[in-house]
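Quick note: the coordinates plus some simple rules give every number you see, no bench work behind them. Note that this is a predicted model, so its numbers are computed, not measured. We place every Cβ from the backbone using ideal geometry, glycine too, and count neighbours over all the protein chains shown.
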């Protein structure tokens with residue numbers, strides 16, 4: 001592809017798309033060409049709101065149907081933040097229309113859905129990628145160096161993570177994430193995708209041999225046929241002997257941490273999903289020491305903070321901007337990277353296994 005700019009269409013006016021309008025604008029190699037909704041007026045209202053907050057110089061068209069946007073010849077890639085229950089249909093249609101696809105998470109209701117999406121993208125030689133922003137942070141390569149140096153952590157033994165926020169009753173009564181038709185995995189899909197992905201990334205994508213899950217609390221909005229998970233805990237076991245636990249909840253205040261512990265120390269990341277506001281991202285490396293001398297028993301604190309220059313939000317170096325910059329670069333290169341669909345499918349398989357286990361009394365499930 002000889003052009004220098006990836007031309008984007010946004011399929012839906014979901015709230016997260018406002019953030020990513022700005023990400024595309026900051027990317028330097030992408031621009032939003034059109035936004036589609038089920039009504040032109042709704043798409044135009046979205047564009048107007050984005051232009052008021054993060055204006056772009058070029059015209060952005062409001063489109064009154066998803067099909068109409070997909071048939072346009074001036075769109076190279078689409079960002080799909082539609083509800084999970086609707087994504088398979090529209091990702092397949094986008095791929096068949098020759099559009100590269102970035103899809104929000106969880107990618108599908110089941111791994112079979114995600115495989116269908118990937119097959120359609122492969123058949124049309126277009127890129128598939130999920131919208132996990134932290135995968136594109138400059139912090140991740142630095143964290144990998146520490147995990148692999150043999151001394152900071154040693155052999156990994158345990159991974160623990162949590163991603164949660166507290167939703168009020170009004171939210172539960174109206175949000176799509178409390179609908180079993182639209183987001184059947186609830187907090188496991190919305191938040192667990194990140195904790196599962198972080199675990200798999202830490203393990204260099206070794207798949208667990210068994211997964212267990214438990215729904216601690218379920219709820220639903222009035223039009224939902226069934227409850228969805230509002231609070232979930234999961235456990236993963238790997239053939240290498242590593243174990244991992246994750247907790248996701250719409251019922252506890254903001255937390256988004258991961259702790260990776262081993263034979264020599266541990267790494268602690270307080271904000272691995274959405275970095276705290278500022279111009280650096282960081283993590284802590286701990287190698288505490290227990291020292292005894294006669295009657296003296298001392299636990300010595302040895303803690304080092306590793307900081308990486310990177311703005312946390314809505315800047316040209318932010319992880320969400322890198323996500324769209326990296327995707328656009330792939331599109332413009334004319335090459336397809338199979339790594340991204342592979343890890344999306346792995347993440348979905350683990351998520352499916354956790355939910356299956358939870359619905360069957362916590363039995364062990366092989367993903």
Most exposed first, judged by fewest Cβ atoms within 10 angstrom, 276, 66 run 276, 66
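Just rank 6, 166, 295, fewest to most, by other beta-carbon atoms within 10 angstrom. Spell out each step's value before the answer.
On the way: 6 24, 166 11, 295 5.
The fewest-first ordering by Cβ neighbours comes to 295, 166, 6.
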To the nearest 10 degrees, the tilt of helix 15-27 (Cα long axis) against the first principal axis of the alpha carbons of the chain is 90
Asserting the computed 222 nm helical MRE of the chain (DSSP H runs at least 4 long, -39500 (n - 2.57) per run, divided by residue count, to nearest 500) equals -10500 deg cm²/dmol
Checked against the structure, the computed P(r) over Cα pairs in 10 Å bins from 0, in percent among (1) 4, 18, 22, 18, 14, 12, 8, 3, 1, 1, 0; (2) 5, 16, 13, 8, 6, 5, 4, 4, 5, 6, 7, 7, 7, 5, 2, 0, 0; (3) 5, 23, 32, 26, 10, 3, 1, 0 is the one labelled (3)
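Taking the Cβ of each residue in 37, 329 as the centre, tally the other Cβ atoms inside 10 Å and list the residues starting with the fewest. Intermediate values should be presented prior to the final figure.
Values: 37 23, 329 15.
Least to most surrounded, the residues fall as 329, 37.
How would you classify the stretch 13-154 from its alpha-carbon gyration tensor, with a ≥ b ≥ c the square roots of the eigenvalues: rounded for a/c under 1.5, else prolate if a/b is greater than b/c, otherwise oblate? Write out the running numbers ahead of the final one.
Values: a/c = 2.23, a/b = 1.41, b/c = 1.58.
Oblate.
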If one compares the long axis through the Cα atoms of helix 339-358 with the longest principal axis of the Cα atoms of the chain, the angle in degrees, nearest 10, works out at 70
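Counting only C-alpha contacts under 8 Å and six or more residues apart, can you give the relative contact order of the chain as a whole percent?
Details: 836 pairs, mean separation 72.7, N = 367.
Once divided by the residue count of the chain, the mean separation gives 20 percent.
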Protection proxy (average C-beta count within 10 Å per residue), highest first, orders 39-45, 197-203 as 197-203, 39-45
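What order do you get for 344-350, 179-185 when each peptide is scored by the mean count of other beta carbon atoms within 10 Å, highest first? Please report the intermediate quantities before stating the final value.
Working: 344-350: 23.7, 179-185: 20.7.
Put in order of decreasing packing, that is 344-350, 179-185.
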